[in-house]
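Below is one structure, written out as structure tokens; the observations come after it.
Bear in mind these aren't lab numbers, they're just calculated from the coordinates by the rules spelled out. Keep in mind that what you see is a predicted model, and the values were worked out from it rather than measured. Methodologically, a virtual Cβ is constructed for each residue, glycine included, from the backbone with ideal geometry; neighbour enumeration extends over all protein chains shown.
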Amino acid sequence: MTKIIIIHGLGGHPKENWFSWLKQELEKLNYVVEVPQLPSPYQPQLKEWLSTLEKLKITPEDILIGHSLGTPTTLKFLETHKARAAYLIGGFCSLLDERFNPSIKNFVENGFEWKKIKNNCQKFIIFHGDDDPFVPLRKGEEVAKNLGVKVTVIKNGGHLNEEAKYFKFPQLLEKIKEEFKREKQSREKSS
């Protein structure tokens, strides 16, 4: 069965933002959803975060959802692991401004192996607020360009977090449901 893994960002935790709401909505549809607490969220280390994901035994059928620092974490994970799809929310793949760089540097300083990432995951969906105060829209566009996809821009979405009043994220839920609907239709056609 497909698992859905939600990866929080800098200073994050499993109960913040829209994570609990999305988990509950997907569990109503009988999906397994995990939202791990990643170690040292205020002083994160890429190796520790990747090690935590390793322990979840993510398979090529699973879906990854990365919010903010969860985006470069997801991308690094996909350099060496396969997943069915990745949903990247308010993310980035290069340094931000000086407020965040000491905490995020080890996640982005060595760049990304984009070809491997795209070979290991066939579907990428990117959401970004047009007025994100932490991660400018151009950073989300940079991720999208490297992956060869478009950004779904959310007007007045901020960082798509609680601060921006994002306790629910229906657009994300709909995109995930579309993915499963397409898969079901494909299975029905082939049987």
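Model label sites at ASN110 and GLN122, defined 7 Å from Cα along the beta-carbon direction, differ in position by 2.9 nm. Computed about the Cα centre, the dipole magnitude for the chain is approximately 680 debye when only Lys and Arg (+1) and Asp and Glu (-1) carry charge, each at its Cβ. The shape of the range 83-191 comes out oblate: with a ≥ b ≥ c from the C-alpha gyration tensor, a/c is at least 1.5 while a/b does not beat b/c. Annotation for THR2 and ASN30: the two label points, set 7 Å from Cα along the Cα-Cβ direction, are 1.4 nm apart.
Looking at the range 89-191, the chymotrypsin sites (Phe, Trp or Tyr not before Pro) that sit in a DSSP loop and have at most 15 other Cβ atoms within 10 Å of their own Cβ are PHE167.
Volume of the convex hull of the range 109-164 (Cα atoms only), normalised per residue: 95 Å³.
Taking HIS67, HIS159, HIS13 as the candidate residues, the one with maximal mean-square fluctuation in a Gaussian network model of the chain, Cα springs under 10 Å, is HIS13. With the convex hull drawn over the C-alpha atoms of the chain, the volume per residue is 112 Å³.
The modelled label-to-label distance for the pair PHE100/LYS55, using points 7 Å beyond Cα in the direction of Cβ, is 2.6 nm.
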